[in-house]
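Some notes on the structure that comes next.
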Amino acid sequence: MTWTCFKTFRFKLNTARYLIAGLFLFISVAPAFAELKLSGYGTIGYVDDDVSGTAFVRELVQKPEVNDPTTFSSDTRPFLTDSRIGVQAVYLPNDQFELVTQLVFRDQQENSLDRSLEWLNLGYSPNENAKFRLGRVGWDSFLMSDHRHLGYAYPWVRPPVEFYGALPVYSLDGADISYKFNTDEAGNSWHVKLQYGKGGTVFPFGGDEYDFESDIWALSLNHTRRFWNFRLGYSEIDIDTAPPLDTLLAGLSSVSALAPAPISQEADHLIENMTYEGSLMRFSALGASYDDGQWVGQSEIGYIESDADMVTNGTLAYVAIGRRFESLTPYLMLSAFETSSDKYKEQTDWSLIGQQALQDVAINAINSTRIEQTTFSAGLRWDFDTKAALKLQWDRTDIDANGYGLW
């Protein structure tokens, strides 16, 4: 159950401070006739499930709740999973420049100013078709990239987890350039965008946390035509940091150096597939949405491939359709993630060298990131106010025995 509303009011922590300082400096030297627009939105959500020992999360950055595994109580954080508050400011000193900032407060592993600051960028438009932005910009990777946290903007309770929950990147510290062309009186247009910058976040990793950082470039093409919106995108994510696996990797390195050839070769293979740092992840996506005021539909399909088996790999997709009946919108959604990585199984017997426990831990670590699940959702949205809506959604998720990477 989610209640959501929208209201308009007319790289590390020190990174956020520098960006905010630049914001105030820019405003202080801008013309007195400049325009400042403030807006905000909020969602209060509640989630309940019937599983024990496993926690449902909307995004991988959310903290796990660990209860007694011998009980039948859920590990999901019911009021934190979908609840969030967003604040946005747009400063327009003239027709060509704009300064945009957005803070989103939500449940995540590191609740700092830097992680909550999703946008803070200076935009320049030399003409009505071209735009340059510098600073922290949203990673333009999905149909709902710019409003994935704004629950009022889409019919369903949340963007499908199988598609939107697997990649823990939300913004880039860098720049992008976009150009709109072939715009006609009916509003049909093409929009191309190129982005480059550093992106990252912090998310739980076993009993520790992983400070994920990467270099990202992305290219997207959007086409708007009457009731339709089409999107094609490609991104490359070059991972710069390693997860907290030093102890495990040190043990595997010792086995690699001292064990007989078959066991040593398996240890090398495990090390290679557990090393995030220096790995390249590629993400391709194709999406389309339709809204004629009565019928609403949306679908995306994507593919993730990477150099390491422990990094998420596979095909992800969803399709959703809804029908508006005045203030009520019932809808259905089907979403899935199918991994392209086979479950890793032991290749040699490490009990011969007394390291069976180490082998088991390494294999479990690699398999823990596999995602293999399908979710069917049915829901109802009630627009009881022009700026507020209540949503109810029921999900059934079927998870492969070794596909709990999103839980």
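Figures for the structure shown
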{"quantity": "Close pairs from the range 324-345: first within 23 Å of Asp291 (Cβ to Cβ), partner among the polar types (S, T, N, Q) and open to solvent by 70 Å² or more (accessible area, probe 1.4 Å), Cβ under 8 Å, at least 6 apart", "calculated": "Arg324/Gln294"}
{"quantity": "Pairs where the first residue, in the range 354-367, is closer than 13 Å to Met310 by Cα and the second is of a type in the set (Lys, Arg), C-beta under 7 Å, 6+ apart", "calculated": "Asn367/Lys343"}
{"quantity": "Hits in the range 383-407 - residues which are over 30 Å from Asp307 (Cβ atoms) and of a type in the set (Val, Ile, Thr)", "calculated": "Thr386"}
{"quantity": "Selection status of Lys63, part of a loop (DSSP other than H, G, I, E, B), surrounded by fewer than 19 Cβ atoms within 10 Å (Cβ to Cβ) and at pLDDT below 90", "calculated": "yes"}
{"quantity": "Qualifying residue in the range 27-43 (condition: of a type in the set (D, E, K, R), surrounded by 19 or more Cβ atoms within 10 Å (Cβ to Cβ) and at pLDDT below 90)", "calculated": "no"}
{"quantity": "Residue in the range 297-307 that is modelled with pLDDT of 95 or more, within 16 Å of Ala166 (Cα to Cα) and among the acidic types (Asp, Glu) present", "calculated": "yes"}
{"quantity": "Checklist (1) surrounded by 15 or more Cβ atoms within 10 Å (Cβ to Cβ); (2) under 28 Å from the mean Cα position of the chain (by Cα) applied to Glu266, failing item", "calculated": "(2)"}
{"quantity": "All positions within the range 313-347 that are in contact with a helix residue (DSSP H, G or I) (Cβ under 6 Å, 6 or more places away or on another chain) and assigned to a strand (DSSP E or B)", "calculated": "Leu316, Tyr318, Ser335, Ala336, Phe337"}
{"quantity": "Sole residue being surrounded by fewer than 21 Cβ atoms within 10 Å (Cβ to Cβ), at pLDDT below 90 and more than 22 Å from Pro204 (Cβ to Cβ), chosen from Asp95, Asp68", "calculated": "Asp95"}
{"quantity": "Pairs, first more than 14 Å from Ser83 (Cα to Cα) in the range 94-114, second surrounded by 18 or more Cβ atoms within 10 Å (Cβ to Cβ) and charged (D, E, K, R), C-beta under 6 Å, six or more apart", "calculated": "Gln102/Glu118"}
{"quantity": "Matching residues, the range 228-256, being more than 26 Å from the chain's Cα centre (by Cα) and either charged (D, E, K, R) or at pLDDT 85 or above (or both)", "calculated": "Asp246, Thr247, Leu248, Leu249, Ala250, Gly251, Leu252, Ser253, Ser254"}
{"quantity": "Qualifying positions in the range 44-56 - open to solvent by 20 Å² or more (accessible area, probe 1.4 Å) and either closer than 13 Å to Thr76 by Cβ or charged (D, E, K, R) (or both)", "calculated": "Tyr46, Asp48, Asp49, Asp50, Val51, Ser52, Gly53, Thr54, Phe56"}
{"quantity": "Selection from the range 218-248 of residues that are farther than 30 Å from Phe142 by Cα and surrounded by fewer than 17 Cβ atoms within 10 Å (Cβ to Cβ)", "calculated": "Asp246, Thr247"}
{"quantity": "Subset of the range 368-382 [of a type in the set (A, V, I, L, M) and within 21 Å of Ile304 (Cα to Cα)]", "calculated": "Ile371"}
{"quantity": "Checklist (1) surrounded by fewer than 17 Cβ atoms within 10 Å (Cβ to Cβ); (2) within 24 Å of Glu346 (Cα to Cα) applied to Gln294, failing item", "calculated": "(2)"}
{"quantity": "Scan of the range 121-177 for residues that are open to solvent by less than 10 Å² (accessible area, probe 1.4 Å) and among the hydrophobic types (A, V, I, L, M, F, W, C), ordered by number", "calculated": "Val137, Trp139, Phe142, Met144, Trp156, Val157, Phe163, Ala166, Leu167, Val169, Leu172"}
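The values are calculated or read from the model by the stated rules, or taken from the named source; none is laboratory data. None of these values were measured; they are calculated from a predicted model. Don't worry about glycine lacking a Cβ; one is built from the backbone with ideal geometry, like all the others, and counts go over all protein chains shown. Surface areas here come from the heavy atoms of the whole protein model, side chains and all, with no ligands, DNA or RNA. Shrake-Rupley method; radii C 1.70, N 1.55, O 1.52, S 1.80 Å.
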